[in-house]
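First the structure, in the form of structure tokens, and then the observations on it.
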Amino acid sequence: MGAKPGTKYKKFPKEHRDETADHVISTGRPVREVARELSMAGSALGDRVKRRRRELSGGGPAAAPAPDELGPPGAGSRSSRGRTPS
């Protein structure tokens, strides 16, 4: 999935990327939803949110993903879909 041929994503200044990542972190809104509204690549914003969380936590190892990034509880992995518990 990428951009349509001939379409380029905007290059946002670092300050804007930080503000956008801070917005996602503070509101708890899904990365994809915010990225779509701002015409940004969801993966780029997701990466920026992860980096920003590390920066805000003191630069240590990557912070655990927020619950909204994990998906609904009990969603499981692709390999477990459709299987019934034994």
Extension length gain for Leu56 and Glu33 (0.36 nm per residue less Cα distance), in nm, is 6.0 nm
Between Arg29 and residues 5 or more places away or on another chain, the pairs with built amide H atoms under 5 Å apart involve none
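None of the figures in this text is laboratory data; all of them are computed from the coordinates on show. Quantities reported herein were computed from a predicted structural model and do not represent experimental measurements.
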